1. Mind pulling the angle between the C-alpha long axis of helix 44-74 and the longest principal axis of the chain? Nearest 10 degrees, somewhere in 0 to 90.
2. Taking the 0 to 90 degree range and rounding to the nearest ten, how far is the long axis of helix 3-39 tilted relative to the main principal axis of the chain, both from C-alpha atoms?
3. Apply 1/(1 + (r/R0)^6) to the Cβ-Cβ distance of LEU71 and ILE26, taking R0 = 25 Å, and write down the FRET efficiency to the nearest 0.05.
4. Subtracting the Cα-Cα distance from 0.36 nm times the residue separation, let me have the gained length for THR49 to LEU17 in nm, one decimal.
5. Express the relative contact order of the chain as a whole percentage, based on alpha carbon pairs under 8 Å and six or more residues apart in sequence.
Amino acid sequence: MTNVAFVALACGLIIGLGAVGACIGIGMMGGKYLEASARQPELMNALQTKMFLLAGLIDAAFLIGVGIAMLFAFANPFQ
């Protein structure tokens, strides 16, 4: 295999594993939010604000991984 093939494989792994991790994290967080808001409905607004903030941070971490993968794909520093 050539270096280009390894870079393509690495980009696929970075994006794929990042997406899986982000989806699992947001799913777990959403489930815990529903449990917490069912137990204490008066805290629903405060919990919702924190949930959306954390969802944005989890998505940002995934998008940083996508950016790094695109850097390797289009401006390959290993050539």
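1. In the chain, helix 44-74 runs at an angle near 0 degrees to the longest axis.
2. The two axes meet at around 0 degrees.
3. In this case the efficiency is close to 0.50.
4. Working: separation 32, 0.36 × 32 = 11.52 nm, distance 2.70 nm.
Value of the extension gain: 8.8 nm.
5. 55 percent
Computed from the coordinates by the stated procedures, all read-outs in this text should not be read as laboratory data. For clarity, every value in this text was computed on a predicted model and none was experimentally measured. Positions of Cβ are backbone-derived with ideal geometry, glycine not excepted, and every protein chain shown enters the neighbour counts.
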